[in-house]
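The values are calculated or read from the model by the stated rules, or taken from the named source; none is laboratory data. It should be emphasised that the depicted structure is a prediction, and the values quoted were computed from it without experimental measurement. Neighbour counts run over all protein chains shown; Cβ positions are idealised from the backbone, glycine included.
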């Protein structure tokens with residue numbers, strides 16, 4: 001099999017309208033992929049954001065966040081996925097979403113924590129001095145200032161999750177991963193390349209959209225502050 | 001299939017009975033990691049040095065690295081497989097690509113972070129470009145380089161497992177085999193060993209780093 005041949009196959013596969021339509025088409029699979037990723041990031045955010053914000057506000061939990069960040073790097077998501085799939089959680093999308101969520105917790109946690117921790121102590125004092133309660137100070141002063149870092153953490157987590165969800169193909173789940181896995185199993189390498197390119201494009205696209213979103217969401221004064 | 005309870009998560013007899021397989025996978029895992037990090041380091045050093053001091057080149061290198069990093073490992077191995085074949089080379093190329101990104105970024109940060117006054121002092125002593133790099137800038141960047149190597153090593157250890165899709169996953173091989181035959185002890189043993197390698201490698205690089213930067217231990221705070 002020559003190289004041009006494989007690229008040609010991939011191109012032809014991507015150009016076949018039949019591969020885009022229907023319940024197993026690229027459009028449906030991309031939708032499923034994004035849905036799984038969204039649920040994973042949501043689960044991670046629900047756990048990690050309040051925890052990170054609270055710990056950062058209380059100026060505590062440094063060890064916890066460092067340990068979380070380090071283990072996540074060392075623990076293969078693949079192993080976690082297989083362990084989940086071997087329990088009563090079962091095969092398919094559920095273990096994948098859970099494994100991806102575990103994987104997404106550390107970046108969200110550490111960024112929320114760092115963001116809150118880095119809020120200037122004088123600023124916090126000023127907020128309290130003006131008679132703000134701790135909760136109001138968090139909501140109106142500290143969170144907006146920490147927002148750029150929190151958003152960056154969510155962005156990293158999302159892109160990582162989109163890149164991790166294809167592993168679902170190994171445990172009978174959905175999304176774009178099965179295109180790659182099936183292609184490898186049947187030695188139809190054109191499909192393998194096509195699937196890989198699709199996932200990679202989705203990651204780059206998500207990164208771009210989220211970075212634009214982050215810029216739009218950052219309050220104007222904070223943006224000016226970051227530039228200075 | 002009738003012996004349901006005899007499928008524990010941890011089993012010492014599994015380790016004893018399958019030590020040949022385990023040690024082979026362990027060896028594969030370690031050699032893949034070491035090779036990938038060493039090759040990546042050899043490539044990253046000149047790249048970072050090249051980009052250092054040229055903001056435009058540095059921006060481009062980091063930009064490309066950032067985009068490459070968003071490509072999922074599974075997709076990267078899959079896209080490489082048709083061209084480099086199913087096997088060790090494919091996994092190694094993928095691993096080197098990821099380690100490279102981490103290393104270039106850290107080396108570059110280290111080089112850019114060298115105190116300008118230190119650089120001025122060296123220039124005042126008549127240091128040329130090459131001598132400045134070797135005697136002043138690189139040693140000063142060493143702590144950041146070591147952090148980069150630690151990060152790259154630990155990430156690579158975890159990443160090797162994905163190599164299973166092209167047939168060379170080290171301990172990932174055992175994990176997947178255990179999964180397919182629902183042999184829980186095999187999955188968990190391989191996972192624990194992967195964590196152990198990551199931990200041991202991290203400590204080793206940290207210790208080597210300490211030996212290489214004796215000044216960092218003594219007079220840093222002063």
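Laid out as a table, the results:
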item: Check on residue A:8, modelled with pLDDT under 90, closer than 25 Å to residue A:201 by Cβ and either in a helix (DSSP H, G or I) or under 26 Å from the mean Cα position of the chain (by Cα) (or both); result: yes
item: Criterion violated by residue A:59 - all others in (1) over 23 Å from the mean Cα position of the chain (by Cα); (2) touching a residue at least 60 places away in the same chain (Cβ under 8 Å) satisfied; result: (2)
item: Residue in region A:18-33 that is nearest to the other protein chains (Cβ to nearest Cβ), counting only those that are at pLDDT 85 or above and part of a helix (DSSP H, G or I); result: A:33
item: Matching residues, region A:50-63, being touching a helix residue (DSSP H, G or I) at 6+ places or on another chain (Cβ under 7 Å) and modelled with pLDDT under 85; result: A:61
item: Only listed residue being at pLDDT 90 or above and closer than 25 Å to residue A:166 by Cβ, chosen from B:168, B:176; result: B:176
item: Near pairs, Cβ below 6 angstrom, 6+ apart or cross-chain, from region A:169-182 (touching a residue at least 12 places away in the same chain (Cβ under 8 Å)) to any residue that is assigned to a loop (DSSP other than H, G, I, E, B); result: A:171/A:91; A:172/A:91; A:172/A:92; A:173/A:92
item: Test: residue in region A:140-153 that is surrounded by fewer than 24 Cβ atoms within 10 Å (Cβ to Cβ), away from every other protein chain (no Cβ under 14 Å) and assigned to a loop (DSSP other than H, G, I, E, B); result: no
item: Test for residue B:63: is it more than 10 Å from every other protein chain (Cβ to nearest Cβ), under 30 Å from residue A:184 (Cβ atoms) and surrounded by fewer than 21 Cβ atoms within 10 Å (Cβ to Cβ); result: no
item: Positions within region B:79-94 being assigned to a helix (DSSP H, G or I) and either surrounded by fewer than 17 Cβ atoms within 10 Å (Cβ to Cβ) or more than 9 Å from chain A (Cβ to nearest Cβ) (or both), in sequence order; result: B:83, B:84, B:88, B:89, B:90, B:91, B:92, B:93, B:94
item: Answer from A:78, A:91, A:103 - the residue that is in contact (Cβ under 8 Å) with a residue 24 or more places away in the chain, within 23 Å of the chain's Cα centre (by Cα) and in a loop (DSSP other than H, G, I, E, B); result: A:91
item: Residue check for residue B:137: more than 11 Å from chain A (Cβ to nearest Cβ), touching a residue at least 60 places away in the same chain (Cβ under 8 Å) and buried (at least 20 other Cβ atoms within 10 Å of the Cβ); result: yes
item: Within region A:158-228, helices (runs of 4 or more DSSP H) holding 3 or more residues that are surrounded by 23 or more Cβ atoms within 10 Å (Cβ to Cβ) and within 11 Å of chain B (Cβ to nearest Cβ); result: A:177-185, A:189-217
item: Count of residues meeting criterion [more than 7 Å from chain A (Cβ to nearest Cβ), more than 26 Å from residue A:187 (Cβ to Cβ) and without any contact (Cβ under 8 Å) to a residue 60 or more places away in the chain] in region B:155-198; result: 2
item: Candidates B:190, B:198 - the one that is surrounded by 23 or more Cβ atoms within 10 Å (Cβ to Cβ) and within 15 Å of the chain's Cα centre (by Cα); result: B:198
item: Residue ID - nearest to the chain's Cα centre (by Cα), chosen from residues in region A:62-72 that are surrounded by fewer than 19 Cβ atoms within 10 Å (Cβ to Cβ) and under 12 Å from residue A:102 (Cα atoms); result: A:69
item: Set A:35, A:31: member being exposed (fewer than 14 other Cβ atoms within 10 Å of the Cβ), farther than 22 Å from residue A:139 by Cα and within 17 Å of the chain's Cα centre (by Cα); result: A:31
